[in-house]
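The numbers here are math on the coordinates, done by the rules we state, and not lab data. From a predicted model like this one, the values you see are computed outputs, not experimental measurements. As a convention, Cβ positions derive from the backbone with ideal geometry for all residues, glycine included, and neighbour counts pool all protein chains shown.
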């Protein structure tokens, strides 16, 4: 799953995590985020490359489940 697919699912299910306003507030771009899928088959980890901050997202809905604790 790519960050673009996750954004599409998030938007389709009413999520605002990847909205233009949210991304601008945090000074993020989609290229500045990475996706990892090794924790749970139903979840992915999105990490901000410059700070290492991470969040868990549901694969089916694209909605954030919780902040990720390493």
### Selection status of residue 25, more than 11 Å from the chain's Cα centre (by Cα) and farther than 18 Å from residue 5 by Cα
yes
### Message
Given the criterion surrounded by fewer than 14 Cβ atoms within 10 Å (Cβ to Cβ) and either over 16 Å from residue 66 (Cα atoms) or touching a strand residue (DSSP E or B) at 6+ places or on another chain (Cβ under 9 Å) (or both), identify the matching residue among 9, 20, 48.
### Response
20
### Task
Report, by residue number, each residue of the range 51-61 that is loosely packed, with under 12 Cβ neighbours inside 10 Å and in contact (Cβ under 8 Å) with a residue 12 or more places away in the chain.
60
### Qualifying positions in the range 30-45 - exposed (fewer than 11 other Cβ atoms within 10 Å of the Cβ) and under 16 Å from residue 2 (Cβ atoms)
31, 38
### Summary
Checked the range 1-38 for anything in a strand (DSSP E or B) and either touching a residue at least 24 places away in the same chain (Cβ under 8 Å) or within 15 Å of residue 61 (Cα to Cα) (or both); matches are 33, 34, 35, 37
